[in-house]
Every structure is written in structure tokens, then in C-alpha cells.
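First the structure, in the form of C-alpha cells, and then the observations on it.
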Amino acid sequence: MKTRHIIIYFIGLLALCSCNDMFTPADENNRTEDAMYEESKYAHGLLIYAYGRLPYITTTQTDIATDDAVSNNTSDGNALRNMATTAWKSDSDPMSQWNACKDGIQYVNLFLTKVDRVKWAPSAVSKNQMFIDRLTGEALGLRALFYYYLLMAHGGYADDGVLYGVPLLTEPENGSSDFNQPRATFAECVQQCFTDCDNAMKLLPFNYEDLGGNDDIPAKYKERGADISGYNLIFGSKSNGLMSGKIAEAIKAQVALLAASPSFREQSGVTSAEAATLCANVLKRIGGMEGFDPTGHIWYKNKTKLEPSASEMPEMLWREDHQKNATQERENFPPTLYGSGRVNPSQNLVDAFPMRNGLPITDPNSGYDPKNPYANRDPRLSDDVLVNGTTFRRNVIITGTYPNDNNETDDNLNSIGTSTRTGYYLLKLLRDDVNPQASSTIEQQHIYPRIRYTEIFLAFAEAANDAWGPKGDPTGIGFTAYDVIKAIRERAGLATNEIGQPLAQGDVYLEDCAGDQTKMRDLIRNERRIELCFENKRFWDLRRWMLPLNEPVKGVKIDRNDATNELTYTIFNVEDRTFDNSYQCYGPIPKGELLKWNKLKQNKGWE
């Protein structure tokens, strides 16, 4: 079992760390576990290894296994495409979180048994306690996060009709442990996540920021003799980016939304009202709707804010560190811009973007013209998807079947191995000032969100509408599902004319949905699809909503009549999905684990 290998590896690592000369057979090379209590860096390594198992993906990947996109990499080695088009199996699961998250939990559990015995600051009692509190809080928050991802990937109903989570481990495993552990119920795992988040919030500041003076220091540390320099060293801005109170609170809200979703709510023990309240708690800390970022939907275009020296973006609750690279651009730029055009947005997703007036393109009053399908559309479409005829980096990108003005055809539909298969290329998350050309590469700063405030706003809207309807607020939160969706659509520029002026009739479609809980539910889901597209959310959302996973992915073939320059748009099926909707809203327990441990129960339908 991998956790056993981790222990062996860590024991070996301890024998090599912090040695002046690892090749000299001196006494200090014979390290023991007790050594970590004297050397804080030695012990801190356990927590660092846990951070190294964070489950976040920093590039657009999993959307190609949904109805939002396909990949033009059709090789047998594309595991996500194989999962979506051939067979998703318990012994071949690219969405599995089992090993990485269980490894992270093992590191956390081991660290928690050591943290309060380590001499973090031997000469200062107050500093030592502050270190213990912060590091313990970080570990607890991380454990909740790992269990959250395990529940998303592996929670489900077994043949006995019980909704299970995963084995619940809060103590480290070692060579004498009984590794044959049954799965805890989903509800028990959720409660453990809640407990860990609550305890993390008691120990951590909600934000890592420098305090101004000794009077601002919390009483529990001031009583131990803490001064401002010591407090800021441990809880100040230098720790920004680590697990914090606000992050733990947001993780608790995410767990609650998952548990209150249609796939899990029957036995999770969490209601939509509880999920809405927990999401609202996160949002109240930024002033509710007053903290809504007016440019949060295009944060990735704010080049000044992407620089390491810039202040934090108000849209970001938690994010990855800055990275200067050209990775996403090299993968996803069209071929004429030296990219591989890997992630191809689907016609399905393009059709989800409404008209600028807010009406769906299927509404007869929307003004949608199938002969000019990209005119007067939701402005977010041109932000996120590169459509035929778009000028990008001074190049006109033609995804149809005819050449551009430079007589180039590489960007055309299915022209070469790196061309689009759907008639669309990805724009979201990409920088137009990057050049991925091998001979003259220009890299730029990127960040990738772990948790965006827009995600929490949408989570609140989903849960609040389910609990209380579009405009219900029985507990006095101060904003409603309707308020959130109205703000999101106004921010996007919906219900405005081409120069941004509000339409006299307002957002007719939103107002229609405001009187119907089911219509509002569908609108919220669609807004989530648009706002979070290509951020690796869609696969998990479809499953927790119990929506079809096997919708065929569509594209568009655009032909030109050279005599009249008239374009013809033909929708076609690009890729079928082979998901089985009868059971695959719940992921499998890895088959290899079932073969080793007979107390594990598989989710229904999986071998």
C-alpha cells in the first residue's frame, strides 16, 4: 500500500536531511524520529509534503472529458479522452484522487502527532505556541481539503444502499496498522471535514496580514508575552498563501454544497439551507454583495494584477503562486501562433452563452441569427472562446474550411494534427502577450485560482435557490440567489446594447426566472458553466447534479462561398461520450485497493 511506502520513504529521508556531510559516517547521520523535535525545519517537512499533494490542477484539462470541450490529441495516451470515449474503469481512472489525497492525509496525520512537541521557537514561549497553533490549523484545513476531493471522486452508493465516503483516518498509519479499513459513511466524512475546518478556523487568522501594534495582538498570545514583531513573523503577510481561516471556511462551504447536491443530499445529513448559510458566512466577510468584484470574470486579463509585485485581486480567495511561463499558450494557441490548439471548446458550450440581451439563443425573441451566430452575443463568449474570424495577436484566425488573408489554412477545422476539431480555440486563461514560438519564446506571469469568490457566490445562489427560492431570505442574510445572478449578469454586460447602455426592458429573462424556482436553478447552473468554464469544474458539477455525462460533443463546420463570401454553418457531432448515466455520477474505488482490502465496498455498478 502506498501509505506504507510513504512511511518507509520518510524514514529514509530523515536519515539524509540536515546533515553537514551525508557521505561521512558520523553519528549525526543516524537520524531518529526524536531528532525532529529539536529541529523545526525537519518536522516542518511533513507539512510541506502535504502541501505538495494539493489536488488543484493549474492548466485546463478535465473539461475535455465533458460536453464543454474535446482535445485534438487523439492518441491512445490521452487518458481523459479515453475515459470519456472508450471506457471509464475502476482500474483506469484519471480522475482518481485516492493516492495523492490519502498521501496528503498521512503526512498531515503524522505531523499532527508531532507538532506540539517540536521546538519551533525554544527561546520564546509565545512564539512557540503561535507556531504550534498556525501549523496545526494549516494541517487541519489541509486534511479537510483532501477529504473533500476524495468525497467528490469516490463517494457513492454501494449495493447495500448506503452512501459511503472513504476510510476515515485521523491517526497516522505505520507498519503495525490495520490497513484493511472499511469506508465511513459519506455523512461521517462530511462531519469530519466540518470539524477540521471549524478547528482550523479557531487557530488561524482569517487573513495573514501585519498588525499595527501590540494592542492588536489577540489576548491569548499577549498573555504569553507576544510582541508585534513575533506575531507578524508568524501570522503576518509573509505567510500569505498558506492555509488560513478564510480558506478553511470556504472549504467547509464547498463541502456543504457537495453534500447538499442532488447526488448526495439524501444521506449526507446536509441541507441546502445549511450550505447556503455556510457560503453566506464566507461572503459576509467581504461585505456580501459589496465585495463582489466588478471585473472578477476577466481577472486573467488584468496583466498589471498578474505581476508578483501587484496587490491581491479581490476575486481571489486562494490562488496558486505566480508562475512565469508559456505553458497554457503553447498548449492552446492556434497553430499559426505556434500553439498546439489542444483544448477545443464545444458548440454545446458556445450555445450556452446567451444573447447580449440576456435571452437564450433558443428563445424566439432573442434575435439569434444562425447565419451570423456570434453577433450580439454575451460578451463573455469573445473573452473565453476564439471563434471564426477573430483577430488575435494581429492574426485573423479562420477556423472554417477556407484560408485567411495570408492564405494560411493551419487553423482550419481538422486541417493538421494541431488544428481545432470543433471550429473553436480556447482563449480563457491565455495571455495575448505570450509568444510560445520555440526560437523566440516570450513568457509572462500567470496565476491559477484555487478558490474564486465568484465560485462561492454561485454556490450560495445554487443552495439558496434550492432552499428558499430565487428571492427568499428567511434568515436575514441580506442578499438572495436572485441578487447574485443579477450582479453576475450585469457584470458580464448582459441586458445592454452594443455600447454598454442598459436596455429599457432590463434583463427580461432573469426576471422571468425570478418567479420560478426551477427556471432559476437552470439559469444558475448555466451561469456557473459559463463563469467557471475551463477551470476544471464541469466534470464534478455534472456528476453532483446527476445530469447526463454522455451528451455528444458538437462542433461547427464553416464553409465559404467564394463568389458571394457568404458563410454556411453546419453543426456536427465531433465526439461521442460513453459514460453510463445509470451509475457513473459516482466515481469508483480503485480496483487495486479492493483486491488488497476486503472491507472496502465498491460503488454500485463498478467492478
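The values are calculated or read from the model by the stated rules, or taken from the named source; none is laboratory data. Source: prediction; values computed, not measured. All Cβ positions, even for glycine, are placed from backbone atoms using ideal geometry, and neighbour counts span all protein chains on display. Protein only, heavy atoms only, side chains kept; ligands, DNA and RNA dropped before computing areas. Shrake-Rupley method; radii C 1.70, N 1.55, O 1.52, S 1.80 Å.
So which of Val125, Val108 is among the β-branched types (Val, Ile, Thr) and at pLDDT below 95?
Unique residue meeting the criteria: Val125.
Please state which one of Gly400, Gly367, Gly358 is small (Gly, Ala, Ser), part of a loop (DSSP other than H, G, I, E, B) and within 32 Å of the chain's Cα centre (by Cα).
Gly358
Take the residues in the range 442-479 that are in a strand (DSSP E or B) and not polar (S, T, N, Q); name whichever of them is most open to solvent (accessible area, probe 1.4 Å).
Ile442
Can you say whether Asn207 is over 30 Å from Ser263 (Cα atoms), within 28 Å of the chain's Cα centre (by Cα) and either at pLDDT below 95 or surrounded by fewer than 18 Cβ atoms within 10 Å (Cβ to Cβ) (or both), as far as the supplied structure shows?
So Asn207 fits the description; yes.
Report yes if Pro373 is on the phi < 0 side of the Ramachandran plot, assigned to a loop (DSSP other than H, G, I, E, B), surrounded by 18 or more Cβ atoms within 10 Å (Cβ to Cβ) and at pLDDT 95 or above, otherwise no.
Spelling it out, Pro373 is indeed on the phi < 0 side of the Ramachandran plot, assigned to a loop (DSSP other than H, G, I, E, B), surrounded by 18 or more Cβ atoms within 10 Å (Cβ to Cβ) and at pLDDT 95 or above.
Please tell me if Gly506 is open to solvent by 50 Å² or more (accessible area, probe 1.4 Å), farther than 23 Å from Glu315 by Cβ and over 29 Å from the mean Cα position of the chain (by Cα).
no
Is it fair to say Arg421 is closer than 20 Å to Glu329 by Cα, in contact with a Lys or Arg (Cβ under 8 Å, 6 or more places away or on another chain), basic (Lys, Arg) and modelled with pLDDT of 95 or more?
Against the criterion (closer than 20 Å to Glu329 by Cα, in contact with a Lys or Arg (Cβ under 8 Å, 6 or more places away or on another chain), basic (Lys, Arg) and modelled with pLDDT of 95 or more), Arg421 does not qualify.
Can you name the residue in the range 403-441 that is part of a loop (DSSP other than H, G, I, E, B) and small (Gly, Ala, Ser) and, of all such residues, is farthest from Lys557 (Cα to Cα)?
For the range 403-441, the residue satisfying everything is Gly417.
Could you pull out the residue among Thr390, Thr422, Thr418 that is under 22 Å from Val574 (Cβ atoms), surrounded by 17 or more Cβ atoms within 10 Å (Cβ to Cβ) and out of contact with any strand residue (DSSP E or B) (no Cβ under 6 Å at 6 or more places or on another chain)?
Thr418 is the lone residue from the list that is under 22 Å from Val574 (Cβ atoms), surrounded by 17 or more Cβ atoms within 10 Å (Cβ to Cβ) and out of contact with any strand residue (DSSP E or B) (no Cβ under 6 Å at 6 or more places or on another chain).
Tell me the residue from Asp411, Asp384, Asp432, Asp405 that is open to solvent by 20 Å² or more (accessible area, probe 1.4 Å), closer than 26 Å to Glu535 by Cβ and not hydrophobic (A, V, I, L, M, F, W, C), please.
Residue meeting the stated conditions: Asp432.
Let's see how each residue does on (1) of a type in the set (Ser, Thr, Tyr); (2) surrounded by fewer than 19 Cβ atoms within 10 Å (Cβ to Cβ); (3) touching a Lys or Arg at 6+ places or on another chain (Cβ under 7 Å):
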site: Asn561; (1), (2), (3): no, yes, no
site: Thr568; (1), (2), (3): yes, yes, no
site: Asn573; (1), (2), (3): no, yes, yes
site: Asn581; (1), (2), (3): no, yes, no
site: Gly587; (1), (2), (3): no, no, no
site: Pro590; (1), (2), (3): no, no, no
site: Trp597; (1), (2), (3): no, yes, no
site: Lys601; (1), (2), (3): no, yes, yes
site: Trp606; (1), (2), (3): no, no, no
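Is it fair to say Lys202 is at pLDDT below 95 and either under 30 Å from Ala256 (Cα atoms) or in a helix (DSSP H, G or I) (or both)?
no
Which residues, counting only those in the range 350-367, are buried (at least 21 other Cβ atoms within 10 Å of the Cβ) and within 21 Å of Phe572 (Cα to Cα)?
Val350, Phe353, Pro354
Restricting attention to the range 166-186, does a residue exist that is open to solvent by less than 10 Å² (accessible area, probe 1.4 Å), farther than 17 Å from Leu142 by Cβ and assigned to a helix (DSSP H, G or I)?
Yes, the range 166-186 contains at least one residue that is open to solvent by less than 10 Å² (accessible area, probe 1.4 Å), farther than 17 Å from Leu142 by Cβ and assigned to a helix (DSSP H, G or I).
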